[in-house]
Amino acid sequence: MSDLPPVGRDGWRTVGIASASFFMVSMEITVISLAFPEIREQFSAASESALSWIFSAYNIGVASLLLIGGWLSERYGHKRIFLTGVSIFLLGSVLAGFAVSSEMLIGARVVQAAGGALQSPSGLALVLAAVPPARHQMAIGIWGAAGALAAAAGPTLGALLVEAFGWRAVFLINIPVIGVALVLGRRWLPDTPPSPGTDDVDLVSVPLAGVGVGALVLGIVQGETWGWASAAVIGSFALGLVLVMAFAVRSSRHPAPLFDLELYRLRSYSVANIASVFFAFAFFGWLVPLPTLIQSVWGWSVLTTGFAIAPGPLMAFFVAPPAGRMADRIGNRLILTVCGSSGAIGMGLFIINFGAEPQYLSDILLPSLFIGVAAGTGFSQLVGAAMRDVPPHQYAMGGAGRTTAFQMAIALGIAVAVAIIGRPASPAEALAAYEDSWLVGVAAYGAVAVIVAAFYPNKPVATA
């Protein structure tokens, strides 16, 4: 007989709706990677620089708006902002699916990003409010499993959709899932009152945070295209740093800050967020460039490549829920140490095994399963570890701060990997460049294990 409190029907409904929406929002980070060649062909008149914004606009938009989304959720209620975000994301998906120009598609991606930035922190807050505190890690495990499966399976799903229906399907597939989540959310999600003290928030911090974070991410994602030493990239970093520093100063002095920096005095929150940065850097720096390597060195088709990398995401999906249940009983530290260690082993196996001749079992399947374990434990339990001691009235704010750092790390991981890989002239050069990139991933995953094992406070979680 379990000594943990049960999760009622309303709680399960909330977890299910929030997880389904989080799945679709997370999938947009990676699903477009294998649709990009068809998009380039469709809009052949657009420059490569312009086309890169189809990918970049979503990452920049989400990262720059998350803190604002967290505040709006606390100010107007989690359900209201969640449903607003889902509706905006649905609109963006429709616009993207029927885009008639590259400019329209870029604009639609910005709309999608705005919706994702609203629904991500509010959805997490709804999940945490709907289940007993002693079951938070389990609930986050399910919610995180949806995000892990979506982000990791994005290339596979993208390959299937593009092969069967064309590139527009990677956006139109959102419509039925998000539509159902919207209808059921209006009916089943619990009403949530605004958090106290959010009426007089520091509005000056809104543009400081939004533009500051956006400028930093812009510099990261456009560094390879514009040149890391270009005036545009240096200017973006300089502007971002100045605005983020001004935001931090105002937040430390204002009685009602947009983001409460006191959250970083919680050791669980600060340590887990630092570990999350290394995790996102390693995982997405590996995943996003991988299909290009398989296709260029092995000559596999888009569809075959998609299926080849599918076992890792499936492993993540099956690992995340039991990892959450285990964390309810033993805490997060051991599980996240396994996360970092498994990821480092997987990346190391890629370095050792991957060669010019296709050997699927040893070169992709085995290392991908280790990285799948890392993804299944990391996506969910890094969230649970960060949110463990956050007060209930700051769930959305804490989730937004954590996800902002995560999104910036995604952009940085991809940018660093692309910079290391460059444009190899031969398969041999490609293999050498990817091995260098994977070595950085080994170090980043190792940092996750060391940081959590050494510094995360593994006090027992609440039981009521």
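The values are calculated or read from the model by the stated rules, or taken from the named source; none is laboratory data. All values derive from a computational prediction rather than experimental measurement. For neighbour counting, all protein chains shown are included, and Cβ atoms are generated from backbone atoms with ideal geometry for every residue, glycine included.
Some notes on this structure:
- Just one of the listed residues (L382, L439, L412, L431) is under 13 Å from the mean Cα position of the chain (by Cα) and surrounded by fewer than 23 Cβ atoms within 10 Å (Cβ to Cβ), and it is L412.
- Criterion (outside the structural domain of G227 (by TED's automatic domain parsing) and farther than 26 Å from L157 by Cβ) met by exactly one of I81, I29, I60: I81
- Test for E435: is it without any contact (Cβ under 8 Å) to a residue 40 or more places away in the chain, at negative phi and among the acidic types (D, E): no
- Looking only at segment 427-464, and only at residues there that are of a type in the set (S, T, Y) and modelled with pLDDT of 90 or more, the one that is farthest from L293 (Cα to Cα): Y456
- Count of segment 351-383 residues which are among the β-branched types (V, I, T) and outside any helix (DSSP H, G or I): 0
- Residues (touching a Gly at 6+ places or on another chain (Cβ under 8 Å), more than 28 Å from P391 (Cα to Cα) and of a type outside the set (A, V, I, L, M)) located in segment 175-215: none
- Segment 254-300 - residue that is among the hydroxyl-bearing types (S, T, Y) and without any contact (Cβ under 8 Å) to a residue 24 or more places away in the chain and, of those, surrounded by the fewest Cβ atoms within 10 Å (Cβ to Cβ): Y264
- Of the helices (runs of 4 or more DSSP H) lying entirely inside segment 126-208, the ones with 1 or more residues being modelled with pLDDT under 85 are found at 136-165.
- Residue under evaluation S195, criteria (1) outside the structural domain of G61 (by TED's automatic domain parsing); (2) crowded, with 24+ Cβ neighbours inside 10 Å; (3) hydroxyl-bearing (S, T, Y), criterion not met: (2)
- The number of residues in segment 222-237 being exposed (fewer than 13 other Cβ atoms within 10 Å of the Cβ) and assigned to a helix (DSSP H, G or I) comes to 1.
- Meets criteria (under 30 Å from P207 (Cα atoms), assigned by TED's automatic domain parsing to the domain that holds Q394 and either within 23 Å of the chain's Cα centre (by Cα) or not in a helix (DSSP H, G or I) (or both)) for S19: yes
- Residue count for segment 301-341, restricted to those that are among the hydroxyl-bearing types (S, T, Y) and touching a residue at least 40 places away in the same chain (Cβ under 8 Å): 3.
Per-residue answers, yes or no, for (1) surrounded by fewer than 24 Cβ atoms within 10 Å (Cβ to Cβ); (2) at pLDDT below 95; (3) of a type in the set (F, W, Y); (4) part of a helix (DSSP H, G or I):
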{"position": "F55", "(1), (2), (3), (4)": "yes, yes, yes, yes"}
{"position": "G70", "(1), (2), (3), (4)": "no, yes, no, yes"}
{"position": "S73", "(1), (2), (3), (4)": "no, yes, no, yes"}
{"position": "I81", "(1), (2), (3), (4)": "no, no, no, yes"}
{"position": "V86", "(1), (2), (3), (4)": "no, no, no, yes"}
{"position": "F89", "(1), (2), (3), (4)": "no, no, yes, yes"}
{"position": "S93", "(1), (2), (3), (4)": "no, no, no, yes"}
{"position": "L105", "(1), (2), (3), (4)": "no, no, no, yes"}
{"position": "A108", "(1), (2), (3), (4)": "yes, no, no, yes"}
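- Of the residues making up segment 174-205, those that are among the β-branched types (V, I, T) and in contact (Cβ under 8 Å) with a residue 24 or more places away in the chain are I175, V177, I178, V180, T192, T198, V201, V204.
- When R402 is tested against (1) of a type in the set (K, R); (2) farther than 16 Å from I140 by Cβ; (3) in a helix (DSSP H, G or I), exactly one condition is not met: (2).
- Positions within segment 34-44 being in a loop (DSSP other than H, G, I, E, B) and either of a type in the set (V, I, T) or in contact with a Ser or Thr (Cβ under 8 Å, 6 or more places away or on another chain) (or both), in sequence order: F43
- Which numbered condition V249 fails, given (1) assigned to a helix (DSSP H, G or I); (2) in contact (Cβ under 8 Å) with a residue 12 or more places away in the chain: (2)
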